[in-house]
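Note sheet for the following structure.
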Amino acid sequence: QVQLVESGGALVQAGGSLRLLCAASGRTLSSYVMGWFRQAPGTEREFVAAISWSGGGTIYADSVKGRFTISRDNAKNTVYLEMNNVKPEDTAVYYCAAALRAWSRSPRDYNYWGQGTQVTVSS
């Protein structure tokens, strides 16, 4: 069992930057693929980025590639999402998730979820 808590969400102007954190407790994060997802009102939860167990591999949604960076510090049991050049369409609740056995973009493959943190981008 692992518990995830996101932080860092805020109101930010378009073109600005934001850094989200996901802190884990209960088990070491090195056992999990970690992902970030987001969900805007009235839409399905969508994949943003994922990072492999050791941090050596990353994948991104096309909509954020080149602007967002996912990273992890297994010693601190923390995962980060650096968001640069944000756009109004990035507005959503951002969720951190952990997958024990999958290297996946699908929310169905993730076993544990945080409660989310709100990111709002103003134009």
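The values are calculated or read from the model by the stated rules, or taken from the named source; none is laboratory data. Given the structure is predicted, the values throughout are model-derived calculations rather than measurements. Don't worry about glycine lacking a Cβ; one is built from the backbone with ideal geometry, like all the others, and counts go over all protein chains shown. For the accessible areas, the whole protein counts, side chains as well, though only heavy atoms, and no ligand, DNA or RNA atoms are used. Shrake-Rupley method; radii C 1.70, N 1.55, O 1.52, S 1.80 Å.
For the reader, a short list of remarks on this structure follows.
- Inter-residue pairs, beta-carbon under 9 Å, first farther than 12 Å from residue 40 by Cα and assigned to a loop (DSSP other than H, G, I, E, B) and in region 110-123, second at pLDDT 95 or above and among the acidic types (Asp, Glu), 6+ apart: 114/6; 115/6
- Selection count where residues are open to solvent by 30 Å² or more (accessible area, probe 1.4 Å), closer than 19 Å to residue 84 by Cα and either part of a strand (DSSP E or B) or in contact with a Pro (Cβ under 8 Å, 6 or more places away or on another chain) (or both), scope region 1-25: 6
- Close Cβ contacts (under 6 Å, 6 or more residues apart or on different chains) running from residues in region 72-98 that are part of a loop (DSSP other than H, G, I, E, B) to residues that are of a type outside the set (Gly, Ala, Ser) and open to solvent by 30 Å² or more (accessible area, probe 1.4 Å) comprise 91/120.
- Of all residues in region 26-51, exactly one satisfies the criterion of being open to solvent by less than 20 Å² (accessible area, probe 1.4 Å) and part of a loop (DSSP other than H, G, I, E, B), namely 32.
- Any hit, region 54-65, residues being at pLDDT 95 or above, among the acidic types (Asp, Glu) and not in a loop (DSSP other than H, G, I, E, B): no
- Qualifying positions in region 59-93 - open to solvent by less than 30 Å² (accessible area, probe 1.4 Å), within 17 Å of residue 3 (Cβ to Cβ) and not polar (S, T, N, Q): 79
- Residue ID - farthest from residue 58 (Cα to Cα), chosen from residues in region 99-109 that are in a loop (DSSP other than H, G, I, E, B) and open to solvent by 60 Å² or more (accessible area, probe 1.4 Å): 101
- Only one entry of 94, 32 meets the criterion of being of a type outside the set (S, T, N, Q) and closer than 17 Å to residue 119 by Cβ, and that entry is 94.
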